[in-house]
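Remarks on the structure that follows.
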Amino acid sequence: VCVASGAEPGDTRAAFLKLLDRPRVQLAAEVKPPTGTNGLRMTHFSFAAEAGVRVPGLLVKRGEAEGRRPVVIVLHGTGANKENQLPLLHDLAKRGFLAVAIDGRHHGARTKAGSGSAEYHEAMLNAWFGSKKLPFLYDTAWDVMRLVDYLGTRDDVDAARIGLIGFSKGGMEGYLAAAADPRIAVVVPCIGVQSFKWALDNESWRSRVDT
């Protein structure tokens, strides 16, 4: 996002939000009955992020937890899904948080086969060659903002204490979502980086060619 030197943070956020924004639809949340294990309760849910797009998610909390609790949203990395985050969700829930994970775009239940990378690679190509020419990461950032909308409707969520941690791809999406949405109180992007020189010297550049 290009902004004039000296622009106010609010102006920068508004300019970025215009890139993410799309017509809002009703959340139309669907919540399945919770299941319990080892003192924790896990709930599957989904909501509409935009027309024709539903986002599946998991919420884990302590079985005895009452009242409104702080939330940690966990965003997975490339090739993973919400279920891969369950060990961390369980750990966070045991510490008293409501722990939430969603499938990012082109991952998990949001792929035709339920796994794989074909749609993910197609999305990257469309971002480069397509007419919109916007990073596909923006789509999951929008989903996160709509997730915050959904969390705000729950009577067990403290909407003033919503944090986010994201890994790799999820870290980038977390950066973007938190930059656009001030309701996310804290964001922790866990993103591994490497220099091009190191990659060349250590024959570790091939994986980057594919992405």
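A few points about this structure:
- Sub-6 Å Cβ pairs linking a first residue in the range 187-202 that is closer than 30 Å to GLY163 by Cβ to a second residue that is modelled with pLDDT under 85 and among the basic types (Lys, Arg), at least 6 apart or interchain, number zero.
- Residues that are open to solvent by less than 60 Å² (accessible area, probe 1.4 Å) and of a type in the set (Gly, Ala, Ser) were ranked within the range 174-191; the one that is farthest from THR12 (Cα to Cα) is GLY174.
- Restricting attention to the range 26-49, the residues being open to solvent by 40 Å² or more (accessible area, probe 1.4 Å) and not β-branched (Val, Ile, Thr) number 13.
- Residue in the range 95-115 that is open to solvent by less than 50 Å² (accessible area, probe 1.4 Å), without any contact (Cβ under 8 Å) to a residue 60 or more places away in the chain, under 29 Å from SER207 (Cβ atoms) and among the hydroxyl-bearing types (Ser, Thr, Tyr) present: yes
- Residue in the range 24-31 that is at negative phi and either at pLDDT below 95 or touching a Pro at 6+ places or on another chain (Cβ under 8 Å) (or both) present: yes
- Test: residue in the range 68-80 that is touching a strand residue (DSSP E or B) at 6+ places or on another chain (Cβ under 8 Å) and farther than 25 Å from CYS190 by Cα: yes
- Residues of the range 116-152 that are modelled with pLDDT of 85 or more, open to solvent by 40 Å² or more (accessible area, probe 1.4 Å) and not in a helix (DSSP H, G or I): PRO135, GLY152.
- Qualifying positions in the range 50-91 - of a type in the set (A, V, I, L, M, F, W, C), more than 15 Å from ARG110 (Cβ to Cβ), surrounded by fewer than 19 Cβ atoms within 10 Å (Cβ to Cβ) and at pLDDT 95 or above: ALA51, LEU86, LEU88
- Scanning the range 18-39 for residues that are in contact with a helix residue (DSSP H, G or I) (Cβ under 6 Å, 6 or more places away or on another chain) and within 21 Å of GLY108 (Cβ to Cβ) turns up LEU27, ALA29.
- Of all residues in the range 154-190, those satisfying the criterion of being in a strand (DSSP E or B) and of a type in the set (Gly, Ala, Ser) are ALA159, ALA160, GLY163, GLY166.
- Residue pairs whose Cβ atoms lie under 6 Å apart, sitting 6 or more positions apart in sequence or on different chains, and linking a residue in the range 156-176 that is within 15 Å of LEU88 (Cα to Cα) to a partner that is at pLDDT 95 or above and β-branched (Val, Ile, Thr), are GLY163/VAL72; GLY163/VAL186; LEU164/ILE73; LEU164/ILE184; LEU164/VAL187; ILE165/VAL74; ILE165/VAL188.
The values are calculated or read from the model by the stated rules, or taken from the named source; none is laboratory data. Here the structure is a predicted model, which means the values were calculated and not measured. Reconstructed Cβ throughout: ideal geometry from the backbone, glycine too, with neighbour counts over all protein chains shown. To get the accessible areas, we keep the full protein, side chains included, count just its heavy atoms, and leave off ligands, DNA and RNA. Shrake-Rupley method; radii C 1.70, N 1.55, O 1.52, S 1.80 Å.
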